[in-house]
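*Asks:* Have a look at this one.
The values are calculated or read from the model by the stated rules, or taken from the named source; none is laboratory data. Model, not experiment: these values are computed from the prediction. Here the Cβ is made from the backbone with ideal geometry for all residues, glycine too, and neighbour counts use every protein chain on show.
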Amino acid sequence: MECCFEWRKPSLSHHPYMCFSPHDPPCGPCGPCGPVINVTLRVENFLGGYNFSSSVNIVMNQQHLIVFLQKAADMREEFRFSASYGTYGYYIDTINGVEANYPKHETWWHIKNQDNVSLPLGSSCYIPSDGEIITYEFVKGAPH
Ligand code: B12
């Protein structure tokens, strides 16, 4: 697989919504980033239709959540996803064939942590911590 991350210059780090902050691990264009951490990813759809849940444990270098999601998709079919790239990086549209459509049905894939708190950043910007449990939950209409 090719290096998937756009390398953002440190000069962008002052921007509140950009990915790089002084707290980010030192991340090169292709190399591994922070220390090895243990993160659990979960995916849940209980909205009706095709209901499922799945969980996977990933041990790898600390880096952006999207890389953990890619790893999960490599490990388990239920995590296969599609995304559209925009101002804040990748917006997750579909997981395991379940497609969100906010304009039509107000559905979306909500990303939460183990305390049921909505992540303040999307998959391209958020960097998980060691021991964190992150859930992608298919929801309808709820704000973030
Ligand atoms: C409305 C909104 C949503 C709606 C979008 C509904 C829709 N499709 O119309 C919903 C509720 C679905 C949503 C979801 C999320 N959002 Co939101 N959202 C907003 C909000 C309040 C307004 C966006 C807007 O309408 N702009 C006006 C239009 C004209 O511009 P636009 O560029 O076309 O807007 C589109 C994008 O912003 C996109 N979008 C919305 N949220 C996100 C998040 C990410 C990561 C991406 C790539 C795109 C995206 O949807 C908009 C409509 O198509 C902004 C805050 C703001 N004031 O900008 C946050 C904001 C963009 N969202 C944010 C976040 C964190 C999320 C979530 C990751 C939250 C979560 N924990 O799950 C999820 C996305 C998860 C995923 N599946 O990838 C952050 C992004 C920060 C970052 N650097 O990553 C923002 C900036 C809020 C904040 N924390 O300050 N969001």
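*Asks:* Out of all the residues in the stretch 36-72, which are among the aliphatic types (A, V, I, L, M) and farther than 17 Å from residue 82 by Cα?
*Replies:* 36, 37, 39, 47, 56, 58, 59, 60
*Asks:* Now for a different question. Restricting attention to the stretch 52-96, and to residues there that are farther than 18 Å from residue 107 by Cβ and touching a Lys or Arg at 6+ places or on another chain (Cβ under 8 Å), which single residue is farthest from the ligand (Cβ to nearest atom)?
*Replies:* This residue is 60.
*Asks:* So for the stretch 84-91 (the condition being touching a helix residue (DSSP H, G or I) at 6+ places or on another chain (Cβ under 8 Å) and closer than 22 Å to residue 38 by Cα), does at least one residue qualify?
*Replies:* no
*Asks:* Now a separate question. Would you pick out the residues in the stretch 97-144 that are within 7 Å of the ligand (Cβ to nearest atom) and touching a Lys or Arg at 6+ places or on another chain (Cβ under 6 Å)?
*Replies:* 118
*Asks:* State whether the residues of the stretch 54-77 include one that is charged (D, E, K, R), under 13 Å from the mean Cα position of the chain (by Cα) and not in a strand (DSSP E or B).
*Replies:* yes
*Asks:* Between residues in the stretch 87-98 that are on the phi > 0 side of the Ramachandran plot and residues that are within 6 Å of the ligand (Cβ to nearest atom), which pairs lie under 9 Å by C-beta distance while being six or more apart or on different chains?
*Replies:* 89/121; 89/122; 89/123; 89/125
*Asks:* What are the residue pairs meeting all of these: first residue in the stretch 103-128, first residue under 18 Å from residue 140 (Cβ atoms), second residue within 6 Å of the ligand (Cβ to nearest atom) and among the hydroxyl-bearing types (Ser, Thr, Tyr), Cβ atoms under 9 Å, and 6 or more apart or on different chains?
*Replies:* 108/91; 108/102; 109/91; 110/118; 111/118; 111/123; 112/118
*Asks:* May I ask you to list the residues in the stretch 108-137 that are surrounded by 18 or more Cβ atoms within 10 Å (Cβ to Cβ) and of a type in the set (Ser, Thr, Tyr)?
*Replies:* 123, 124, 126, 135, 136
*Asks:* Just give me the residues in the stretch 97-121 being hydrophobic (A, V, I, L, M, F, W, C), outside any strand (DSSP E or B) and within 12 Å of the chain's Cα centre (by Cα), in sequence order.
*Replies:* Scanning the stretch 97-121 gives 119, 121.
*Asks:* Restricting the search to the stretch 118-144, which residues are within 24 Å of residue 51 (Cβ to Cβ) and not hydroxyl-bearing (Ser, Thr, Tyr)?
*Replies:* 119, 133, 134, 137, 138, 139, 140, 141, 142, 143, 144
*Asks:* Specify the residue that is farthest from the chain's Cα centre (by Cα); the eligible residues are those in the stretch 86-96 that are in a loop (DSSP other than H, G, I, E, B) and at pLDDT below 95.
*Replies:* Looking at the filtered set, the residue picked out is 87.
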